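Written out below as structure tokens is the structure these notes cover.
What follows draws every value from the coordinates through simple rules; no lab data is involved. No experiment lies behind these values; they were computed from the predicted model shown.
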Amino acid sequence: MVAKMVEHHLRPTGMKDGDDWPTDRAIYRYFRDVGDVAIDTLYLCMADYLGAKGPALVHEEWINHARMVGHILHVGTSEPVSSKTTRLITGHDLMTHYNLQPGPEIGAVLQRVEGALGLW
């Protein structure tokens with residue numbers, strides 16, 4: 001748990017694109033990859049930011065960082081617009097069309113498709 005938090009604690013800041021906050025897709029991937037410690041890791045990200053800035057902390061920059069983390073938290077914990085999204089393709093579709101046998105490769109392909117769509 002702690003190792004995963006330390007590994008990913010800089011990721012929220014790294015998801016920013018210049019002055020733009022992280023996209024919904026980047027946030028989806030963050031929560032998917034970090035899992036159960038995603039929210040805890042956001043707190044560690046904030047603590048690291050404060051520690052790194054120390055006495056040179058600029059209030060406006062801290063407010064912006066805190067708002068960005070709040071945005072990640074809001075998007076990452078909100079229900080998708082449609083929680084019952086129809087899949088574009090199913091494992092059965094893949095196996096039938098490409099004459100494949102069931103296996104972990106099918107699941108991996110479906111996960112990539114859902115990740116590209118930003119589905120939970």
Original post:
To one decimal place, what orientation-averaged projected area in nm² is obtained for the convex hull of the Cα set of the chain?
Top reply: 9.3
**OP:** Return the whole-Å distance between the Cα centroid of segment 57-72 and the Cα centroid of segment 87-120.
**Re:** 39
Original post:
Length gain on complete extension for the stretch Leu88 to Ala47, per 0.36 nm per residue less the alpha carbon to alpha carbon distance?
Top reply: 10.7 nm
Original post:
Long-range amide H contacts for Lys16: which residues qualify at under 5 Å (H placed 1.01 Å from N, peptide plane, sequence gap of 5 or more or a different chain)?
Top reply: none
Subject >> From phi via Karplus (6.51, -1.76, 1.60), per-residue ³J(HN,Hα) for segment 53-66 in Hz, x at Gly/Pro >> reply: 6, x, x, 7, 4, 9, 3, 4, 5, 5, 4, 5, 5, 4
**OP:** Return a whole-number percent for the relative contact order of segment 2-77, with Cα pairs under 8 Å and 6 or more residues apart as the contact set.
**Re:** 41
